[in-house]
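For reference, the structure is listed below as structure tokens.
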């Protein structure tokens with residue numbers, strides 16, 4: 001079985017030949033008078049350059065090529081979407097028949113996987129992270145067994161995991177992909193990969209067609225409001241998902257901003273900022289660990305730290321009183337006493353430490 005046919009066999013049968021919507025910008029027509037999309041003949045008065053009058057390229061070629069170069073894949077392997085969220089939703093809708101094909105997640109983890117499964121009426125399988133006293137790690141033997149027994153079509157592995165901060169070694173991801181070949185697509189969410197010290201799972205696509213990778217410009221590249229995410233997968237699957245995607249998913253101004261943000265000079269600046277965050281992460285982790293009332297600070301390969309407190313409400317309130325907003329994780333499985341703190345600038349991290357040090361901790 002070829003790679004293309006193998007991965008396409010995971011797609012819902014009713015969508016495998018789906019043609020989708022053919023938009024006015026999806027054809028290769030060339031002209032200088034464009035009257036095929038019912039656009040305005042004039043620019044909006046607020047749009048002095050008239051750049052917003054026309055519908056945008058559904059997959060901006062220059063940005064797609066730049067992202068492919070950044071992530072070490074081909075443009076045909078990459079789909080640009082509105083953040084990683086859109087790619088997650090597309091995968092669930094395209095692969096999972098409602099009420100039958102399951103989605104597997106490893107809680108506590110990013111909540112959108114479960115949200116998209118619920119919206120598709122796809123059964124949700126949960127394999128909790130294991131707390132070994134030092135870190136919260138994925139139980140991959142249980143992931144494989146549960147996926148096979150529960151008819152999972154999609155297995156989401158978050159590495160670095162949000163909020164746990166733990167990673168999954170490349171050979172272990174490969175082990176899961178091999179065990180689930182022909183049964184499920186293994187989706188590796190690498191939203192925080194820039195902060196981690198491990199290679200990308202993109203390298204596995206050459207030998208494992210049932211691997212897909214999620215990347216985003218929202219974190220390390222500081223373009224959260226532009227909503228630019230990427231899905232990297234087998235070209236046949238990318239082509240199918242493109243047919244399932246909304247006609248014009250990437251606003252022109254967002255594509256322009258993203259492309260400018262990925263210039264060589266800006267990438268160098270981003271890399272230096274990532275190193276600063278990693279240094280601050282280490283400093284913040286050590287400083288938090290010795291504060292009264294802090295039970296545990298988990299090691300992290302992301303730009304955040306998961307922290308357990310003797311009194312998480314008191315810690316949350318102390319930070320809020322100091323004007324610092326952190327993520328309350330207490331509703332998540334296993335995290336009844338935990339907060340997630342994003343690693344900020346040196347001054348921001350000092351405010352966190354000062355607020356927590358100043359609070360009164362009951363004996």
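Scanning segment 14-29 for residues that are over 19 Å from residue 233 (Cα atoms) and either outside the structural domain of residue 209 (by TED's automatic domain parsing) or at pLDDT 85 or above (or both) returns 14, 19.
Screening residue 247 on (1) at pLDDT 95 or above; (2) in a loop (DSSP other than H, G, I, E, B); (3) out of contact with any strand residue (DSSP E or B) (no Cβ under 8 Å at 6 or more places or on another chain) shows it passes everything except condition (1).
The residues on offer are 320, 288, and the sole one that is part of a helix (DSSP H, G or I) and either under 24 Å from the mean Cα position of the chain (by Cα) or touching a residue at least 40 places away in the same chain (Cβ under 8 Å) (or both) is 288.
Residues of segment 81-112 that are in contact (Cβ under 8 Å) with a residue 40 or more places away in the chain and touching a helix residue (DSSP H, G or I) at 6+ places or on another chain (Cβ under 6 Å): 81, 85, 88, 90, 92, 94, 103, 104, 105. Just one of the numbered conditions (1) over 14 Å from the mean Cα position of the chain (by Cα); (2) surrounded by 21 or more Cβ atoms within 10 Å (Cβ to Cβ); (3) in a loop (DSSP other than H, G, I, E, B) is not true of residue 134: (2).
In the condition set (1) part of a helix (DSSP H, G or I); (2) touching a strand residue (DSSP E or B) at 6+ places or on another chain (Cβ under 9 Å), residue 300 is compliant with all but (1). Set side by side, the residues 308, 330, 360, 281 differ, and just one is within 23 Å of residue 129 (Cα to Cα) and in a loop (DSSP other than H, G, I, E, B), which is 330.
Number of residues in segment 257-266 that are free of Cβ contacts under 8 Å to residues at least 12 places away in the same chain, in a helix (DSSP H, G or I) and within 12 Å of residue 70 (Cβ to Cβ) equals 2.
The values are calculated or read from the model by the stated rules, or taken from the named source; none is laboratory data. As the structure is a prediction and not an experimental result, all values here were calculated from the model. Because the Cβ atoms are built from the backbone with ideal geometry, glycine has one as well, and the counts that use them run over all protein chains shown.
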